[in-house]
1. Could you tell me how many of the residues in segment 84-96 are surrounded by fewer than 17 Cβ atoms within 10 Å (Cβ to Cβ) and either more than 18 Å from ARG133 (Cα to Cα) or modelled with pLDDT under 90 (or both)?
2. Go through segment 2-20 and give me each residue that's at pLDDT below 85 and either surrounded by 11 or more Cβ atoms within 10 Å (Cβ to Cβ) or at positive phi (or both).
3. Is there a residue being open to solvent by less than 100 Å² (accessible area, probe 1.4 Å), of a type in the set (Ser, Thr, Tyr) and free of Cβ contacts under 8 Å to residues at least 24 places away in the same chain anywhere in segment 118-130?
4. Among the residues of segment 43-83, write down those that are in contact (Cβ under 8 Å) with a residue 12 or more places away in the chain and open to solvent by less than 90 Å² (accessible area, probe 1.4 Å).
5. Report every pair of residues separated by at least 6 positions or lying on different chains whose Cβ atoms are under 7 Å apart, first residue within segment 89-112 and of a type outside the set (A, V, I, L, M), second in a helix (DSSP H, G or I) and open to solvent by less than 90 Å² (accessible area, probe 1.4 Å).
6. Under 6 Å between Cβ atoms, which residue pairs at least 6 apart in sequence (or on different chains) link something in segment 17-40 that is within 30 Å of GLY51 (Cα to Cα) and outside any helix (DSSP H, G or I) with a partner that is open to solvent by 60 Å² or more (accessible area, probe 1.4 Å) and not hydroxyl-bearing (Ser, Thr, Tyr)?
7. Can you tell me which residues in segment 133-149 are in contact (Cβ under 8 Å) with a residue 24 or more places away in the chain and either among the aromatic types (Phe, Trp, Tyr) or open to solvent by 100 Å² or more (accessible area, probe 1.4 Å) (or both)?
8. Please find, within segment 103-120, the residue that is nearest to the chain's Cα centre (by Cα) out of those that are within 17 Å of VAL139 (Cβ to Cβ) and among the hydrophobic types (A, V, I, L, M, F, W, C).
Amino acid sequence: MKLNQIADRTGARKKRMRIGRGIGSGMGKTGGRGGKGQTARTGVRIKGFEGGQMPLHRRLPKRGFRNTSFAVRLNEINLGKVQAAIDAGLIDAKAPVDAAVMVKAGLMRREKGGVKLLGEGELKSKVEFSVWRASKSAVAAVEKAGGTVKILAPTKEEDVEPKGKNKRMALQAAKGGDKPKGSKPKAEAEARAKAKAE
């Protein structure tokens with residue numbers, strides 16, 4: 001064995017593809033770029049072009065910010081379903097009822113972000129609920145049956161000091177410049193009317 005007899009293993013080295021060397025080369029004629037014109041060049045921006053008319057993404061109006069991807073996804077459970085589960089013996093009315101208990105009872109598949117209690121149906125048992133949110137009718141129905149509802153969702157704190165547009169409006173009101181746009185003072189209007197009459 002000599003150095004000039006050593007070779008790579010088969011398939012280790014491939015011949016470079018030579019583009020644009022005739023039709024028989026396997027990558028000839030258009031050189032893998034398709035047809036003529038814009039598509040044959042680099043930096044093509046043809047997807048979404050509508051022949052010069054205003055494209056769809058510019059025709060549609062802008063409608064602010066959507067919070068759907070950040071929103072808390074809740075399971076909505078009616079009081080009637082909870083009562084049915086209590087009657088069937090799936091939920092112990094004497095113990096506190098939360099999302100985990102409802103999942104175990106088969107009222108929902110998974111906890112998600114929590115439970116919102118709704119007031120449809122009749123609740124006869126005295127139950128202590130611990131839920132993320134609850135409707136006013138649900139809270140009233142639970143309290144009427146002698147139970148309680150603990151809301152887990154954090155309470156929204158109202159801003160003590162106004163911000164942004166509200167702050168500007170508050171400053172204007174403090175200065176006495178809270179007159180609506182386009183309106184003229186009453187005294188000025190009366191003076192103009194008198195001048196016209198003369």
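1. Restricting attention to segment 84-96, the residues satisfying the condition of being surrounded by fewer than 17 Cβ atoms within 10 Å (Cβ to Cβ) are 84, 87-90, 92, 94-96.
If we keep only those that are either more than 18 Å from ARG133 (Cα to Cα) or modelled with pLDDT under 90 (or both) too, we end up with 84, 87-90, 92, 94-95.
Qualifying residue count, segment 84-96: 8.
2. MET17, ARG18, ILE19, GLY20
3. no
4. So the first thing to find is which residues in segment 43-83 are in contact (Cβ under 8 Å) with a residue 12 or more places away in the chain, and the list is 72-83.
Within segment 43-83, VAL72, LEU74, ASN75, ILE77, ASN78, LEU79, GLY80, VAL82, GLN83 qualify.
5. Correct list of pairs: ARG110/VAL103; GLU111/ALA99; GLU111/ALA100; GLU111/VAL103.
6. Qualifying pairs under 6 Å: LYS29/ILE23; GLY31/ILE19.
7. Step one: of segment 133-149, the residues in contact (Cβ under 8 Å) with a residue 24 or more places away in the chain are 133, 138, 141-142, 147, 149.
Of everything in segment 133-149, just one residue is in contact (Cβ under 8 Å) with a residue 24 or more places away in the chain and either among the aromatic types (Phe, Trp, Tyr) or open to solvent by 100 Å² or more (accessible area, probe 1.4 Å) (or both), namely ARG133.
8. Here is the first cut: in segment 103-120, the ones within 17 Å of VAL139 (Cβ to Cβ) are 114-120.
Okay, now just the ones that are also among the hydrophobic types (A, V, I, L, M, F, W, C), so 115, 117-118.
Details: VAL115: 19, LEU117: 22, LEU118: 23 Å.
So, considering only residues that are within 17 Å of VAL139 (Cβ to Cβ) and among the hydrophobic types (A, V, I, L, M, F, W, C), the one nearest to the chain's Cα centre (by Cα) is VAL115.
The values are calculated or read from the model by the stated rules, or taken from the named source; none is laboratory data. The structure displayed is predicted, hence computed values, not measured ones. For neighbour counting, all protein chains shown are included, and Cβ atoms are generated from backbone atoms with ideal geometry for every residue, glycine included. These accessible areas exclude ligands, DNA and RNA; they are computed on the full protein's heavy atoms, side chains included. Shrake-Rupley method; radii C 1.70, N 1.55, O 1.52, S 1.80 Å.
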